[in-house]
Every structure is written in structure tokens, then in C-alpha cells.
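Shown next, in C-alpha cells, is the structure this report addresses.
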Amino acid sequence: MQRIAIDMDDVLADATGRFLDYLTTRTGVEVTKQQLWGRDWADVTDIHRSTIRSWVYEAGFFRDMAVLPDAQDVVQKLQERYEVFIVSAAMEFPLSLKEKLEWMAEHFPFVDWRYIVFCGHKYMIKADYLIDDHEKNLKPFEGTPILFSAPHNANLTGYTRVSTWREVEQLLLPNAVEIVRT
């Protein structure tokens, strides 16, 4: 059975949306994902990057992220044909470990804890596919890398790119039949 490794932040969980929510609630500055697309934070706000980055070290930041549309449905379908691992380089943010595990239990209860991997680097992960939003993880990957679109990687080229979970479904489950629920 082929194996898929799937990142969490900005792949399953809306990390960019979480930053934007914090930006608005804490500073009153409103920025949209469209304004951020392909640009740096410094290009769209006067709030210093170090302030924005500091939020990931606060309790609760990772716990309450929204799930990206269709992620739950497609991951569940992928599990029928692939061995699916959720892989997050969470070690950099110690508070994120518990929060990410709780987030997975709430939003992806069908993913067994034995298929969740928290690590420092992803280069040691052996899988056929890696779905991730960062080139630093995709570049050294030995399988087939799949870039999940996010504002920070909008200008990155050289990878198979998907922008939605339905695109992931079309790419990795091309013969899947959608069951119409009545």
C-alpha cells in the first residue's frame, strides 16, 4: 500500500487564517488572504514580523485553527487507498504538540494516534507522497512532493501544486466515485 504524508499548518489547518484573525483582534489591522497572496507580511502591514511570529508561542494559537474546506472528507477517502500519516514539524513550538494532538482528535478522529508524527525535520519521513506548503520540506523529500497552495508559497514553482482538497482528491483518487447523498 502506498503511503501519503500530510502536513498540518496551511494544509489541513488554516494557519494563515489564524494569523489574520490575531492581526485583526490584537492590532485592529485587517488584511485578507488575497492581499497577502505572494507577498510578505511587511508588504501589507506595519506590524513587525516578530510580533506576528510571536503568536505561535502562545497557548491556544494552534488549538483553534479552522479546518480547510473538504480536508476531512478527502483525508478519509485517502485512507481507503493509502496509508496516511499526518506529519508536522511541531517541535519548534513546544506548546503546539498538545494543541495539535487535541485538534486532530477533534477534527480528524478517524486518524489513529499512531499515524500522527511530530518531528523537527521531515526529510526522514519515508512515503510515496508528501503534501506540504513549504519547500524546505518538499525539496529533500525522496517521494513525490505536492505543494499545497498558501499565500507564502504563491510564487514558488517546480512542484505539482494543489490549491484545494478537491484537487488533492482528483490527483490522488482520480477514479473515485462521488456518492450522492440524498
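The values are calculated or read from the model by the stated rules, or taken from the named source; none is laboratory data. Not measured: the values here are computed from a predicted model. So basically every Cβ, Gly included, is an ideal-geometry build from the backbone, and we count neighbours across all protein chains shown.
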Search segment 67-88 for residues being charged (D, E, K, R) and within 16 Å of H107 (Cβ to Cβ), and hand back the single one that is surrounded by the fewest Cβ atoms within 10 Å (Cβ to Cβ).
-> D73
Taking first residues from segment 16-29 that are touching a residue at least 60 places away in the same chain (Cβ under 8 Å) and second residues anywhere that are surrounded by fewer than 19 Cβ atoms within 10 Å (Cβ to Cβ) and of a type in the set (D, E, K, R), the pairs with Cβ under 9 Å that are 6 or more apart or on different chains are T16/K33
Among residues belonging to segment 168-182 that are in a loop (DSSP other than H, G, I, E, B) and surrounded by 14 or more Cβ atoms within 10 Å (Cβ to Cβ), point out the one that is modelled with the highest pLDDT.
-> L173
Among the residues listed as T45, T16, the single one being of a type in the set (S, T, N, Q), touching a helix residue (DSSP H, G or I) at 6+ places or on another chain (Cβ under 6 Å) and either modelled with pLDDT of 95 or more or surrounded by 15 or more Cβ atoms within 10 Å (Cβ to Cβ) (or both) = T16
For segment 130-138, state whether one or more residues are within 23 Å of M1 (Cα to Cα) and surrounded by fewer than 18 Cβ atoms within 10 Å (Cβ to Cβ).
-> no
